[in-house]
Each structure stands twice: as structure tokens, then as C-alpha cells.
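In what follows, a structure is listed as C-alpha cells, so that the remarks can point back to it.
Only the coordinates and a few stated rules stand behind these numbers; no lab work does. Keep in mind the model is a prediction, meaning the values are calculated, not measured. Counting neighbours? That spans all protein chains shown, and the Cβs are built from the backbone with ideal geometry, glycine included.
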Amino acid sequence: MLSSFLAKKPLFYDKIDYDRMPRIYAKIKKYLPKTPMIHIIGTNGKGTTGRFLATALFNGGYKTLHYTSPHISKFNERIWIDGKNISDEMLEDAHKKLQLILSKDESDSLSYFEYSTFLAFLLSSGCDFAVFEAGLGGERDATCVFEKKLTLLSSVDIDHESFLGSTIEEIATTKLKAMQKDIVIGEQRFSQVLDIAHKTATQLGTNVYTYKQLLDSEDMDKILKISDMLELPLYLQQNLKLAISGLKFLDIEYGMKSFDGARLFGRLSKIGENIVIDVGHNPLAATSVLKALSGKKYILVYNSYKDKDYNKIISILKPIIKHVEIIDIEDERVVKKELLQTSLNSLGVKYSTFTKIDNRYDYLVFGSFSVVEQFLKVFHG
């Protein structure tokens, strides 16, 4: 079974063999479909941009697959085809096919994400488009081996420094080297990202467009109306603009109904009258959440991976925090509780351990997919 097969593979690696994926792809390429791929790279907003785009394509009559990661509760969330998460039966069938294509050594050597990526692309057979979200991003990401029809770049910020670099220049450069033919640049916090895009495009012989070049005043009016209809906070509107820029580049029409069912769960999702969950895990995501939820106070259900800037994240969210409740999660990447507590003490933020919801208060669950996953297990019993 796929679940038992993947369970043997760790979700996180301190070191990655960057040659493995392209080497195996070159060997099995002839067995894989030639689905036109739209590649989404960036730091924040890749998942929602991809779901907006994939939903509009599907509602426009195109058979579409959307590959996103990680999942919150079940692996099936990673692969969405024509409005639905992939079924267990389809996953098992694709797993069997992939096992026949790969040698045992190849199958065993592929990482969790690499194997999942091959599996998703195999499942795109018969699709008009495959919308693929990069993992960590960058030129060596597993999703980069496939031929791309178009690349979309969402907002770039500091994250995954051990893999991508410690400055915006380094991170933007390695991400942008993933482009192949044409790239559309979404709204950016750092102006140098566009300069780096043009420089990289010159080196690679590719074409750069900005979302502003592709959207006219009529598009902007539509975006405001669609945002109101979907009740999108500002940062999700940015992702909608990028998705629509992609549609415009592809010369595909869209309307108010194109984005029905487009909200991706876990992005400022309200799961109760007093509970908001968000899988964000870096300062840029925290800033977006602050802007969206300002004006109220929340009990923050939180934990963090040790490589994240949790001190800065808490500092950003402090204006809307009543106090913090640390949720225990089992993951070797999680920061030691004493270090997180020291950070909270230094910021003057009161804290306790999360046990249950008190319906007298409003809650924000934030910190990572793992935090949201563990909270939902407790919340749903």
C-alpha cells in the first residue's frame, strides 16, 4: 500500500541528493504523460495561487490536476483533480504503475516528496493542465525536472535558509533559476526580486512578465468583486491576481463563477465561530495574518520548527495576541519548549500549554501544517 510505503520514508532530510531526481526522471521520462505544466514557485502563497488557477481552469472546462504540499490531515489533499482530492483507489493504482516503472533501488532511494511528485505527474495523464507547486523551491526542487509551459512567482521572503540562502538576493536567484520559458512575477515585498528576475531571465534566455503588465482595469474590477464574493483577505487577493495573470497569459477567459470552490483549506480558514486556522510559518505569513485579523484579540495556539524565526513571528503577532497556548507536536524538527518559552518571556507574552478550547475566547491556530494537524486531531476528538 502507498501509505505503508511512504511511512518508511522520512518527511524531512538534513541533506538532499539533488542529482537523484533528474537522473531518474531522464530514465523514466518516456513512461510519463506530457501534460502541459504550470509551475508555481515562491515563498508564500504558492498553494492558494495554484488552487485559484486550477479551479478556474477546471470551471472553464479544462481537465486539471493541482499538486500541493504538505498535507494537513491526509496525503490525498496533495493531489486535486477536477474539484476533488484524489481517491484512495486512484492513488493505489498510480502507486502500482510507478512501482513497475521504477527499479526497486530507484523506488527506495527517492525521498517522500520526490516519490509523491512522480506519483502526481503520473496521475496527470489525460489532463489538459497540471498545476504544480514547488516544495522548498529553487532550481533543484523535485518539481523542476518536468518541462514547463509557464512559471508563476508568488511573494519571495526569507525562509528555508539552509537550503536556499540567507539573503533575498540568494533566495530569489535560486528560486528564479527554476523558470524555463516564460515567468509571471506576482506582487513582491522586495523590489530587487524583479531586477533579479530580469537578470536571471537574460542568462537563461527566458521571458519575464509582471502581473501588472497582464492585468487591465477591467481585470482589477473583477478581482475586487471576486475577492468580496470569496471573502478574501488582502494577502489572498495578491495570489488571486497572480492566478488571473496566468490565465491572461494563457489567453483563457474567466468570470465571477470561475473561482467557485477555490478557497484552499488552512489559509485563514474559520472552522468555528471563534476559531481561525492558518498553516503559515514564517514572518511574512505572520504579517499577512496580522493585517487580516487586526482589531481583535486571540489566544494563539502555537508551536514552531527550530529553523523558523519564532521570536520574530511572535513579535509580529503580539498586537493581536491575548496569550499563547503551546500545542505539543511530535516532530524532530520542533523547537525545544524551553527555548520557545524563553522567547515568549523575553517578549512579555504570557503562555500555557494548550489542552482544550474555551468558547469564551477567540482562537488563532498558527505555526505550521503540523500545528494545524495536531490541533484538528484534538478539536475533532
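Per-structure values
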read-out	value
Separation in nanometres of the label points that stand 7 Å from Cα toward Cβ, at Leu224 and Ser191	2.6 nm
Amide H within-cut-off set for Tyr363, under 5 Å, with H built and near neighbours excluded	Ile275, Val276, Ile299
Qualifying GluC sites (Glu not before Pro) for the stretch 302-367 [loop in DSSP, other Cβ within 10 Å: at most 16]	Glu330, Glu332
Kirkwood Rh, Cα atoms: Rg over Rh of the stretch 264-381	0.91
Sorted by Cβ density within 10 Å, fewest first, the residues Leu300, Leu247	Leu247, Leu300
Within-15-Å neighbourhood charge of Asp105 [Cβ basis; K, R +1; D, E -1]	+1
Neighbour net charge for Leu32 - beta-carbon separation under 13 angstrom, K R +1, D E -1	+4
Between the stretch 57-132 and the stretch 317-381, the alpha-carbon center distance in angstrom	32 Å
Count, lysine Cα pairs under 29 Å in the stretch 198-288, 8 or more residues apart or across chains	20
Between the stretch 172-221 and the stretch 274-309, the alpha-carbon center distance in angstrom	28 Å
Residue exposure sequence - Phe132, Phe121, Phe12, Phe75 - by fewest surrounding Cβ within 10 Å	Phe12, Phe75, Phe121, Phe132
Rounded if a/c under 1.5, otherwise prolate or oblate - the stretch 193-316, Cα gyration tensor axes	oblate
Sequence of Tyr302, Tyr13, Tyr351 once ranked by neighbouring C-beta atoms within 10 Å, starting from the fewest	Tyr13, Tyr351, Tyr302
Peptides 212-223, 277-288 ordered by average Cβ neighbours within 10 Å, highest first	277-288, 212-223
Point-to-point label distance, His380-Asn345, nm (Cα→Cβ direction, 7 Å offset)	3.7 nm
Computed lengthening from Leu32 to Asp216, 0.36 nm per intervening residue step minus Cα-Cα distance	62.5 nm
Radius 13 Å from Cβ of Leu264, net charge of other residues (Lys, Arg +1; Asp, Glu -1)	+2
Simple spin-label estimate for Lys74 and Asp328 in nanometres, 7 Å along Cα-Cβ	2.8 nm
Computed E for Lys96/Tyr18 - FRET, C-beta separation, R0 22 angstrom, nearest 0.05	0.20
For the chain, share of DSSP beta bridges that run antiparallel, in % to the nearest 5	20 percent
